[in-house]
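Please read the structure below before turning to the comments.
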Amino acid sequence: MKLIFISLLFISFSLNAQVVRPLIGFGYNRQSEFYNSSYYNIKTGLELNLKKYFKPEVELNYFLGGLGDEVSYNNQNVAIDVFSRKFSVLNFGFSPKIILLKDEEELYYFQILPKYNFSKIEATGDYLLINQNDATKSIREKETLKENKQSFGLGLGIVFNFSKTRKSDAIALNLFYQHIDAGSLISELKHNNKVINTKDVFSFEVDYYFNLIKKKN
């Protein structure tokens, strides 16, 4: 998959500025079991303006999140151990983006984004067994698990052009149904005692597109 992604980028850069638009983006992913009930992602990529209603995208996406600490207490309500978990995902994505319902002046349009993902997932656990007599003798155990996974997702969005010329930058507001399964790897951590689900997560993303066509004075 990495070779395919690099090949697509090479093809993209070989095309002229009327065909390629770079993009950057930020995403908010809602999941109640995570710290602040959410985790986040940033991305960069390219849009290929091949047809009026067909604009594929390739992207590199990085997800990062952590769960709240799990603390166990003894009968005297004193903490005896603490377990924290976090994860990260480096994701290579491809979307054969379809354009719908353009307005007459093309100041905005709707889009459908079916997406293929190849994800390099890493889950980390940090377990601390607290020595009640001497805290300096507490035992810390760290664990890292890694896994590669493939998945599919689906997004719907609206794009606003800053002007009705082809030389305009644009901003997109997208709602995604993510299916990137980092939760199963978190669930495999040695001291984890519950199932974590990140397969059925909705996310909101804001993408900014840069038009490379040079404006004439």
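A compact table of results
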{"quantity": "With eigenvalues of the C-alpha gyration tensor scaled by 5 and rooted, region 112-157, Å", "calculated": "42, 12, 5"}
{"quantity": "Inter-probe distance in nm under a simple model that places probes 7 Å from Cα toward Cβ, at Tyr40 and Phe210", "calculated": "2.1 nm"}
{"quantity": "By accessible area with a 1.4 Å probe, ligands and nucleic acids excluded, highest first: order of Thr144, Thr124", "calculated": "Thr144, Thr124"}
{"quantity": "Rg [Å, one decimal], Dmax [Å, integer] - the chain, C-alpha atoms", "calculated": "21.8, 77"}
{"quantity": "Solvent exposure of the chain as accessible area per residue, Å², 1.4 Å probe", "calculated": "57 Å²"}
{"quantity": "Directionally averaged shadow of region 148-217, computed from the convex hull of its alpha-carbon atoms, nm²", "calculated": "7.1 nm²"}
{"quantity": "Portion, in percent, of the accessible area of the chain that falls on carbon or sulfur, probe 1.4 Å", "calculated": "60 percent"}
{"quantity": "Accessible area in the full protein assembly, largest first, 1.4 Å probe, for Arg30, Arg85", "calculated": "Arg30, Arg85"}
{"quantity": "Mean separation of Cα contacts under 8 Å, 6 or more apart, over the residue count of the chain: relative contact order %", "calculated": "19 percent"}
{"quantity": "Signed unit charges on C-beta, dipole axis of the chain, positive-most listed residue Thr124, Tyr62, Phe34", "calculated": "Tyr62"}
{"quantity": "Nearest-20 debye value, region 60-217 charge dipole, Cβ charges on Lys, Arg, Asp, Glu", "calculated": "720 debye"}
{"quantity": "Ellipticity estimate at 222 nm from DSSP helix runs (n ≥ 4, -39,500 (n - 2.57)) divided over the chain, nearest 500", "calculated": "-2500 deg cm²/dmol"}
{"quantity": "Using a Förster distance of 30 Å, the FRET efficiency for Glu122-Ile80 (Cβ separation, nearest 0.05)", "calculated": "0.60"}
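The values are calculated or read from the model by the stated rules, or taken from the named source; none is laboratory data. Source: prediction; values computed, not measured. Methodologically, a virtual Cβ is constructed for each residue, glycine included, from the backbone with ideal geometry; neighbour enumeration extends over all protein chains shown. Just the protein is used for accessible areas: all its heavy atoms, side chains included, with ligands, DNA and RNA removed. Shrake-Rupley method; radii C 1.70, N 1.55, O 1.52, S 1.80 Å.
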